[in-house]
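Reviewing the structure listed below.
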Amino acid sequence: MTQTRPVPTAATRRRVGVIGLGMAATPHAQSLLDLAGRLEVAGGYSPSPDRRAAFAARFGLPVVERMEDLLDDATVSAILLLTPPDTHAGLVARCAAAGKHVLLEKPLDATPEGARAVVETMERAGLTLGVVLQHRFRAAAERLSELLRDGTLGRPLSASVVVRWWRDAAYYAQPGRGMKARDGGGVLLTQAIHTLDLFVSLLGLPRQIAGFAATSGLRPIDTEDMVAAALRYDSGLLATVDANTVSYPGFPERIEIAGTLGSAVLTGDRLEAKLHTGETIRAGETGGTLGGGADPMAFSNQHHRAVLADFLDALDQGGRPRADGREALKVHRLIEGLLRASDGGGVTEIAEG
């Protein structure tokens with residue numbers, strides 16, 4: 001039976017449910033509170049009573065004891081889904097069957113097949129899918145995007161992505177973390193995905209990839225925690241990827257782009273571009289690691305809030321989130337290509353489409 005969902009107006013607030021109350025819930029809960037004028041939290045769900053109690057006590061938000069209390073509630077129009085990657089495809093299918101829009105914590109899913117299924121399931125249902133890829137919403141990143149769009153830097157010739165982070169033993173103490181069965185991947189799919197997504201949003205996907213991925217042995221995981229790769233684009237652009245979680249104590253992630261008219265360096269949320277004319281352009285507020293050290297939650301929720309606000313705008317205006325499912329699939333294709341190149345020991349191609 002098709003459920004009738006209330007359509008929010010300027011005088012109403014959209015009801016949102018939260019599924020998954022683990023570590024990632026903190027910036028999202030803060031963002032829900034910040035945007036209380038636009039939404040009402042119908043309830044937060046975790047199968048763990050302790051997590052439900054901690055969520056309610058810390059944020060003062062309601063919780064429910066059954067997921068069905070959110071999925072079967074016709075007044076709930078959207079679900080914020082914050083569960084482990086290996087659960088995404090199945091839970092998104094349940095949300096779609098219940099007629100709920102979904103804002104999904106990255107990645108789309110633990111497997112390439114699951115990632116595509118998530119996007120296709122929501123598209124078939126005619127529902128909106130947003131993905132939490134918040135680096136796109138950083139002020140310095142948005143300014144860099146403008147410089148590329150308006151030709152200020154000229155044609156990109158050379159670029160690099162550097163994510164040299166650190167994760168300690170306590171981070172990997174949670175069962176399943178860093179394992180393919182739960183997370184689907186290591187530094188690429190779990191940590192560097194945000195910076196890689198931003199990189200792809202700025203420069204697109206390469207045509208060819210050569211690279212290596214390895215597990216350092218520093219921690220008991222079966223996913224990669226070190227990656228080095230080279231990318232070649234149809235335009236002639238050459239780029240490199242250097243990503244790992246073995247760099248103590250963790251350093252600011254960095255994107256560098258050299259163009260025919262100037263170069264830009266994006267460090268965390270700090271941009272500095274130098275043009276051939278002698279002009280220097282700066283934007284952003286900080287060069288901090290923004291979660292690159294032992295505490296992965298050591299950052300402000302302002303960019304998560306921007307993702308949530310953009311998702312609400314898309315729902316209220318009938319548009320698409322800036323990071324929707326199809327956009328998120330691009331970085332998944334890059335990560336698949338990086339790992340395929342490493343497994344094959346040669347150059348791999350990324351097909352168009």
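The values are calculated or read from the model by the stated rules, or taken from the named source; none is laboratory data. Given the structure is predicted, the values throughout are model-derived calculations rather than measurements. We place every Cβ from the backbone using ideal geometry, glycine too, and count neighbours over all the protein chains shown.
State which residue pairs qualify: first residue closer than 18 Å to Ala341 by Cα and inside segment 193-216, second residue polar (S, T, N, Q) and assigned to a loop (DSSP other than H, G, I, E, B) in any location, beta carbons under 8 Å apart, and separation of 6 or more residues or different chains.
Within 8 Å, the pairs are Thr215/Thr223.
Would you check if there is a residue in segment 244-259 being farther than 20 Å from Arg138 by Cα, in contact with a helix residue (DSSP H, G or I) (Cβ under 7 Å, 6 or more places away or on another chain), in a strand (DSSP E or B) and touching a residue at least 12 places away in the same chain (Cβ under 8 Å)?
Yes, segment 244-259 contains at least one residue that is farther than 20 Å from Arg138 by Cα, in contact with a helix residue (DSSP H, G or I) (Cβ under 7 Å, 6 or more places away or on another chain), in a strand (DSSP E or B) and touching a residue at least 12 places away in the same chain (Cβ under 8 Å).
If you take the residues in segment 20-34 that are among the hydrophobic types (A, V, I, L, M, F, W, C) and surrounded by fewer than 17 Cβ atoms within 10 Å (Cβ to Cβ), which one is nearest to Ala56 (Cα to Cα)?
Going through the qualifying residues, I end up with Leu33.
Considering only segment 152-179, state which residues are assigned to a loop (DSSP other than H, G, I, E, B) and not charged (D, E, K, R).
Thr152, Leu153, Gly154, Trp165, Ala169, Ala170, Gln174, Pro175, Gly176, Gly178, Met179
Using the structure shown, decide if Ser247 is under 28 Å from Arg182 (Cβ atoms), buried (at least 16 other Cβ atoms within 10 Å of the Cβ) and among the hydroxyl-bearing types (Ser, Thr, Tyr). Can you show your working first?
Numbers: under 28 Å from Arg182 (Cβ atoms): yes; buried (at least 16 other Cβ atoms within 10 Å of the Cβ): yes; among the hydroxyl-bearing types (Ser, Thr, Tyr): yes.
Yes: the conditions hold for Ser247.
Just give me the residues in segment 49-63 being aliphatic (A, V, I, L, M) and over 22 Å from Asp34 (Cβ atoms), in sequence order.
The one that is aliphatic (A, V, I, L, M) and over 22 Å from Asp34 (Cβ atoms): Ala53.
Identify, from the list Arg143, Arg182, the residue that is in contact with a strand residue (DSSP E or B) (Cβ under 8 Å, 6 or more places away or on another chain), charged (D, E, K, R), outside the structural domain of Pro84 (by TED's automatic domain parsing) and not in a loop (DSSP other than H, G, I, E, B).
On inspection, the qualifying residue turns out to be Arg143.
What are the residues in segment 313-341 that are assigned to a helix (DSSP H, G or I), out of contact with any helix residue (DSSP H, G or I) (no Cβ under 9 Å at 6 or more places or on another chain) and not basic (Lys, Arg), if any?
Asp313, Ala314, Leu315, Asp316, Gln317, Gly337, Ala341
Mind counting the residues in segment 190-217 that are assigned to a strand (DSSP E or B) and of a type in the set (Val, Ile, Thr)?
Residues meeting the conditions: 1.
Output the residues belonging to segment 298-334 that are closer than 26 Å to Leu203 by Cβ, small (Gly, Ala, Ser) and out of contact with any Leu (no Cβ under 8 Å at 6 or more places or on another chain).
Correct list: Ala306, Ala314, Gly319.
Please go through segment 59-89 and pick out each residue that is under 30 Å from Gly185 (Cβ atoms) and either loosely packed, with under 15 Cβ neighbours inside 10 Å or among the β-branched types (Val, Ile, Thr) (or both).
Residues satisfying the conditions are Ile79, Thr83, Thr87.
Looking at Thr87, is it of a type in the set (S, T, N, Q) and out of contact with any strand residue (DSSP E or B) (no Cβ under 6 Å at 6 or more places or on another chain)?
Yes, satisfied.
Output the number of residues of segment 180-203 satisfying the condition of being within 19 Å of the chain's Cα centre (by Cα), under 20 Å from Ser216 (Cα atoms) and not charged (D, E, K, R).
Count: 10.
Exactly one condition in (1) at positive phi; (2) free of Cβ contacts under 8 Å to residues at least 40 places away in the same chain is not met by Glu113; state its number.
Result: Glu113 fails condition (1) only.
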